[in-house]
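The values are calculated or read from the model by the stated rules, or taken from the named source; none is laboratory data. This structure is a prediction, so every number in the text was calculated from the model and none was measured. Positions of Cβ are backbone-derived with ideal geometry, glycine not excepted, and every protein chain shown enters the neighbour counts.
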Amino acid sequence: MAVSAGASTAPAGLVVAVAGGVTLAAGAEGRRRHPEGVALEATGAVAMALGTVLSVWTEPWRAIALTVSTAWLMVAGTRPARAPYLLAGTATAVAATWSWLAVLDVTLVEAYTLPAAAVALGAGLTAHRRRPVVSSWTAFGPGLAVGLLPSVALVVAEGGLARPLAVTVAAQLVLLAGARARLQAPLVLGAAALLVVGLDALWPVAARVPRWATIGAAGLLLLWLGATAEHRLAQLRALGRHYRGLEPDGPMGHPV
């Protein structure tokens, strides 16, 4: 009907997505009481996905279709035993945010990575609260990686002032949060981000140091490590025990 009225493919896809979302919500609401609800729910989900695909190639229709799909998925996900709809709605919410940023010609990488990181961290926090034995690498590792690693890579590639400062502050907060909560993932990822940013800041200075000074410092360091090797190994073993003790249930929720 939309195409026959003169609409192009993208607006027609939006119409199909809206109709599919309404049908999906009606099916999720009526499934508990009527067998027809199953058919409505399945038909609505397929129609909404098809309509979104038809709109995905054109802006701003893609952003509008993803926003509409997010709303109906969240409505359907409020019913009991419909958690997958909430997960799908969260994913389409991130995609809709990215689409609107593209419509507005936003090119700042953090505008895209931070919403995805926030969603991943929220899901991880929920899983960790429900099952405290879930590893911090499983719960928080993906979100922290998405939030930190692209920015750290840009710091190394492009430099600047604002981004290195922001990444340093964020990495310090993540590191402190991991130390306070005794969680491996934020502790390691925050420390790694700080180390990379610090080395990138010190590299231009180190490059101007005379070669003899660099070689001499490396020699003295090796000499000191050799003289105190036994003590250093004991410190490393103690550090390893302390690291494993942060999450005594093991990296995947199993005893160490």
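Taking the range 106-133, which residues are over 25 Å from GLN172 (Cβ atoms) and either outside the structural domain of ALA201 (by TED's automatic domain parsing) or of a type in the set (Val, Ile, Thr) (or both)?
VAL106, THR107, THR126, VAL133 - these are the residues of the range 106-133 that are over 25 Å from GLN172 (Cβ atoms) and either outside the structural domain of ALA201 (by TED's automatic domain parsing) or of a type in the set (Val, Ile, Thr) (or both).
Out of the residues in the range 153-189 meeting the condition of being at pLDDT below 90 and of a type in the set (Lys, Arg), tell me which one is surrounded by the fewest Cβ atoms within 10 Å (Cβ to Cβ).
The extreme case among them is ARG180.
Can you name every residue in the range 107-131 that is in contact with a helix residue (DSSP H, G or I) (Cβ under 8 Å, 6 or more places away or on another chain) and among the hydrophobic types (A, V, I, L, M, F, W, C)?
Correct list: VAL109, ALA111, LEU114, ALA116, ALA117, ALA118, VAL119, ALA120, LEU121, ALA123, LEU125, ALA127.
Which residues, taken from the range 159-187, are closer than 19 Å to LEU114 by Cβ and either basic (Lys, Arg) or not assigned by TED's automatic domain parsing to the domain that holds LEU199 (or both)?
Once the filter is applied, which keeps residues that are closer than 19 Å to LEU114 by Cβ and either basic (Lys, Arg) or not assigned by TED's automatic domain parsing to the domain that holds LEU199 (or both), the range 159-187 yields only ARG163.
Restricting attention to helices (runs of 4 or more DSSP H) lying wholly within the range 1-94, give those where 1 or more residues are surrounded by fewer than 17 Cβ atoms within 10 Å (Cβ to Cβ) and over 31 Å from the mean Cα position of the chain (by Cα). Give the steps one after another, and end with the answer.
On the way: elements: 9-30, 36-55, 61-77.
Once the helices (runs of 4 or more DSSP H) in the range 1-94 are filtered for at least 1 residues that are surrounded by fewer than 17 Cβ atoms within 10 Å (Cβ to Cβ) and over 31 Å from the mean Cα position of the chain (by Cα), what remains is 9-30, 36-55.
Answer with yes or no whether ALA102 is in contact with an Asp or Glu (Cβ under 8 Å, 6 or more places away or on another chain) and either β-branched (Val, Ile, Thr) or over 20 Å from GLY44 (Cα atoms) (or both).
Values: in contact with an Asp or Glu (Cβ under 8 Å, 6 or more places away or on another chain): yes; either β-branched (Val, Ile, Thr) or over 20 Å from GLY44 (Cα atoms) (or both): yes.
Yes: the conditions hold for ALA102.
Cβ-Cβ distance below 8 Å, separation of 6 or more or different chains: which pairs start in the range 60-89 with a residue that is outside the structural domain of ALA45 (by TED's automatic domain parsing) and within 25 Å of PRO11 (Cβ to Cβ) and end on one that is at pLDDT 85 or above and among the acidic types (Asp, Glu)?
The qualifying pairs do not exist here.
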